[in-house]
Amino acid sequence: MLLDFDIEKTVAAVTFLIQREGGEVDLFLSLKMLYLADKEALINWGKTITGDSFYSLPKGPILSEVYNLFKGTGRRENQEKWDSHFTELVRNTVRPLREGDVGLLSEREAEVLESARKRINEIAPWAVAKWLHDTCPEWTDPHGGSIPIDPSTILRNAGKSEEEIKAMEESTEAFRFAKYLLGSR
């Protein structure tokens, strides 16, 4: 299943978390919040908020391009947009330079982000990685590296049938084609 990364929605999602977290977000914890939100969105609606790729890292699953953006190594066009909204990492924390448009998030996307934020904040920061290892069956120990997580694996683990997964893949492909025809990408 191919996903389309959406830098505008990603900036909106991180801005949303920054607002809820009191003006800054921790790299590690916000990556986990965004991962859980995208995972839940995928399961519930067949599409994610950010459109990012899922990966297993030693400390749990992450969103690949979002992680790269936090580190300053995202794709050029995405990094430029990110850098215009957020500071560089300082003690693993980012702050806003200017607000992203949280109005780009639907009500249900904001609800999923808030739910993921609360879930991660209920866990001691030092225990988050272990909790994710235990509760995310799609995570595989990459032994110091990284391993892609197929969105279909997440859907299967959530009890989706092969027919439901195929319908979600077809819907995603139709959306990508419509964007192409409209010149969005």
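From the list Leu155, Leu132, which residue is aliphatic (A, V, I, L, M), more than 15 Å from Ser30 (Cβ to Cβ) and surrounded by 15 or more Cβ atoms within 10 Å (Cβ to Cβ)?
Residue meeting the stated conditions: Leu155.
Within the set of pairs 6+ apart or on separate chains, which have a first residue in segment 148-162 that is closer than 22 Å to Phe5 by Cβ and hydrophobic (A, V, I, L, M, F, W, C), a second that is open to solvent by less than 60 Å² (accessible area, probe 1.4 Å) and in a loop (DSSP other than H, G, I, E, B), and C-beta atoms under 7 Å apart?
The qualifying pairs are Ile149/Glu138; Ile154/Glu138.
Regarding segment 5-12, can at least one residue be identified that is of a type in the set (Asp, Glu), without any contact (Cβ under 8 Å) to a residue 60 or more places away in the chain and either surrounded by fewer than 20 Cβ atoms within 10 Å (Cβ to Cβ) or not in a helix (DSSP H, G or I) (or both)?
Yes, some residue in segment 5-12 is of a type in the set (Asp, Glu), without any contact (Cβ under 8 Å) to a residue 60 or more places away in the chain and either surrounded by fewer than 20 Cβ atoms within 10 Å (Cβ to Cβ) or not in a helix (DSSP H, G or I) (or both).
Within segment 13-29, track down each residue that is touching a Ser or Thr at 6+ places or on another chain (Cβ under 9 Å) and open to solvent by less than 10 Å² (accessible area, probe 1.4 Å).
Once the filter is applied, which keeps residues that are touching a Ser or Thr at 6+ places or on another chain (Cβ under 9 Å) and open to solvent by less than 10 Å² (accessible area, probe 1.4 Å), segment 13-29 yields Ala13, Val14, Leu17, Ile18, Val25.
List the number of the failed condition for Trp126; all other conditions in (1) open to solvent by less than 70 Å² (accessible area, probe 1.4 Å); (2) of a type in the set (Phe, Trp, Tyr); (3) not in a loop (DSSP other than H, G, I, E, B) hold.
(1)
If you check every pair at least six apart or on different chains, which have Cβ atoms under 9 Å apart with a residue in segment 19-46 that is over 12 Å from Gly60 (Cβ atoms) and of a type in the set (Ser, Thr, Tyr) first and a residue that is outside any helix (DSSP H, G or I) and open to solvent by 10 Å² or more (accessible area, probe 1.4 Å) second?
Correct list of pairs: Ser30/Glu21.
Every residue, every condition in (1) touching a Phe, Trp or Tyr at 6+ places or on another chain (Cβ under 8 Å); (2) farther than 23 Å from Leu42 by Cα; (3) free of Cβ contacts under 8 Å to residues at least 12 places away in the same chain, yes or no:
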site	(1), (2), (3)
Leu63	yes, no, no
Asn78	yes, no, no
Asn92	yes, yes, no
Leu97	yes, yes, no
Asp101	no, no, no
Leu104	no, no, no
Ala110	yes, no, no
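Here is a yes/no grid of residues against (1) among the acidic types (Asp, Glu); (2) assigned to a loop (DSSP other than H, G, I, E, B):
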residue: Thr48; (1), (2): no, yes
residue: Asp52; (1), (2): yes, yes
residue: Glu65; (1), (2): yes, no
residue: Glu80; (1), (2): yes, no
residue: Glu88; (1), (2): yes, yes
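Scan Ile120, Ile149 and give me the residue that is open to solvent by less than 90 Å² (accessible area, probe 1.4 Å) and touching a helix residue (DSSP H, G or I) at 6+ places or on another chain (Cβ under 6 Å).
From the options Ile120, Ile149, the qualifying one is Ile120.
Identify all residues within segment 37-55 that are in contact with a strand residue (DSSP E or B) (Cβ under 9 Å, 6 or more places away or on another chain), hydrophobic (A, V, I, L, M, F, W, C) and either closer than 22 Å to Glu77 by Cα or open to solvent by 10 Å² or more (accessible area, probe 1.4 Å) (or both); write none if there are none.
Within segment 37-55, Phe54 is the sole residue that qualifies.
The values are calculated or read from the model by the stated rules, or taken from the named source; none is laboratory data. All values reported here derive from a predicted model rather than from experimental measurement. Cβ: placed from backbone, ideal geometry, glycine included. Neighbour counts: every protein chain shown. Please note that ligands, DNA and RNA were not included when accessible areas were found on the heavy atoms of the full protein model with its side chains. Shrake-Rupley method; radii C 1.70, N 1.55, O 1.52, S 1.80 Å.
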